Amino acid sequence: MTPILMVLIYVGLSLGPRTHGQGGTLPKPTLWAEPGSVITQGSPVTLRCQGNLEAKDYHLYKEETSAFWLTWIPQERRKKGQFPIQSIAWQHAGQYRCQYRGRTHWSELSDPLELVVTGVYSKPTLSALPSPVVTPGGSVTLQCGSQLAFDGFILCKEGEDEHPPCLNSQPHARWPSRAVFSVGPVSPSRRWMYRCYGYDSQSPYLRSLPSDVLELRVPGVSEKPSLSVQPGPVVAPGETLTLQCGSDVGYDRFALYKDWGPDLLQHPGRQLQAGLSQANFTLSPASRSHGGQYRCSGAHNLSSEWSAPSDPLDILIIGQIPDRPSLSVQLGPTVASGENVTLLCQSQSPMDTFLLTKEGAAHLPQRLRSKYQALKYLAEFPMSHVTSAHAGTYRCYGSYNSDPYLLSHPSEPLELLVSGPSRGPSPPPTDPTPTSAVPEDQLVTPTESDSHSGLGRNLGVVTGVSVAFILLLFLLLLLFLVLRHQRQGKRWTSGPAQLPTPKKKPSMLP
């Protein structure tokens, strides 16, 4: 047996030449810890040594350092191989072995037991890259990181007796306080839940608090839920967001997670009515860290299989870029129903993309890549065949490719007005119409639009008055001629056809 440095911790006894000389003549005992060998600081634990039926007494040894706490264990507990610790502390951590004495001989030493104390340092974070959703048979990378300068990290699988139950890793070369672990292949028939710890290699049996549990989602064939957000996906810091995950399958629980981020929340499903279920996830107050892409999954209580993930939902945090773009519309904010319009978002400062939002709209913001033109960065948002549904208040934002979920301050609001029928485009006219002074695809200001529409109406009135005036002049002239002939004593013998025709009479006017 390879010599090891041990300190005898049984008060009043020592391993003399006779003990070592007789060691190994009996089978080695078994040493274990209850409830386990990894114990949170302040919790109770009992080390148990079990020999054969001839065992009369037990000794427990801690390698390299003394174990002063054993001096307080009653004799009757030691004779039964029981070594309790009422409240474990960092001094209890280490590697232990035990030995028992038979009628005349001492047994071999047990296999070593590593007693680990957790909670000595603050907990690290555990995340799945790029997402905790893993296709069946696939693998995923788990990252454990901390703000403390740990030079060792341990990843442990929860809930199952695996060999080995934990994986050890050194920090990544590029990330001094992070370590990555590859997990897989995964299957939906088991639950994949993990925690990680950080530690200092100078004290390997002292670990940090465990990270929050990360559960991998292995989607099955069941229907994916839907994910929505109230009041909307564009939010200012400090506001409250509620993400709603719902399904008509009737799932018992839902999980919300963020791509390239830690597993966030898991809530029980609330049955809305027969076959419908929903869970609400509140993010408050919203902050820079909440920006990103989210998905959710559903599951039944009696199954470890999760549904397919929902479609992605982007949460955008405004005010994270100091610049503010401007928003304008060609020739004016009023457009006739059925025409085309283009909204222009531009900035003097460099922007990779621009987003256009409409106040109160349920659809997601439009996003376009910017282009550099006339010493400005800009994007054009066209709208074809506008209707009253397009009317409303619009704003635009800028963002960088490096973090597309963090937006600039909003532009000043722009109100788009759509003139014409309120229920869709007007039906095509059945008769020819006068040519308008303004092309159909030209945008005008409210004053111009009102003046032209009023001019069309006034033109009809003026035309009618003119015709009536000409007819009145014709009748007056006819009456004048009749009176003239009467004064001359002539009889009126000819018909009206002798008079000038109405078509020629207007040409006689100045």
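We did not get these values from a lab; they are worked out from the coordinates using the rules stated. Predicted model, so just to flag it, every value in this text is computed and none were measured. Methodologically, a virtual Cβ is constructed for each residue, glycine included, from the backbone with ideal geometry; neighbour enumeration extends over all protein chains shown.
Summarising the label geometry, the points placed 7 Å from Cα in the beta-carbon direction at Trp90 and Asn340 lie 7.1 nm from one another.
Rounded, prolate or oblate: which fits region 298-362, taking a ≥ b ≥ c as square roots of the Cα gyration tensor eigenvalues, rounded meaning a/c under 1.5, else prolate when a/b beats b/c? It is oblate, given that a/c is not under 1.5 and a/b is not larger than b/c.
Sort Val213, Val418 so that the residue with the fewest other Cβ atoms within 10 Å of its own Cβ comes first and the one with the most comes last.
Numbers: Val213 13, Val418 22.
In order of increasing Cβ crowding within 10 Å: Val213, Val418.
A full extension of the chain between Asp252 and Leu476 corresponds to an added length of 71.3 nm, given 0.36 nm per residue minus the alpha carbon distance. Neighbour counts of C-beta atoms inside 10 Å place Leu416, Leu60, Leu375, Leu479 in the sequence Leu375, Leu479, Leu416, Leu60, starting with the fewest.
Go ahead and collect, in residue order, the members of region 167-203 whose backbone nitrogen is under 16 Å from a label point 7 Å along the Cα-Cβ direction of Thr65. Under 16 Å, as judged by backbone N against the label point of Thr65, lie 199-203 of region 167-203. Measure up Lys224/Lys371; Lys28/Lys123; Lys80/Lys157; Lys157/Lys258; Lys62/Lys157 against 26 Å on the Cα-Cα distance and list the ones that go over. Lys224/Lys371; Lys28/Lys123; Lys80/Lys157; Lys62/Lys157, as the Cα separations exceed 26 Å there.
Determine, from the Cβ-Cβ distance of Leu375 and Trp175 and an R0 of 45 Å, the FRET efficiency 1/(1 + (r/R0)^6), rounded to the nearest 0.05. For R0 = 45 Å, the calculated efficiency reads 0.65. Working from label points 7 Å from Cα in the Cα-to-Cβ sense, the Gln366 to His409 distance is 2.5 nm.
Under 1.5 on a/c is rounded, so check that first for region 226-318, then, if it is not, pick prolate when a/b is larger than b/c and oblate when it is not; a ≥ b ≥ c are the square roots of the alpha carbon gyration tensor eigenvalues.
prolate
Take the Cβ atoms of His300 and Gln75, set R0 to 60 Å, and the FRET efficiency comes out at 0.65.
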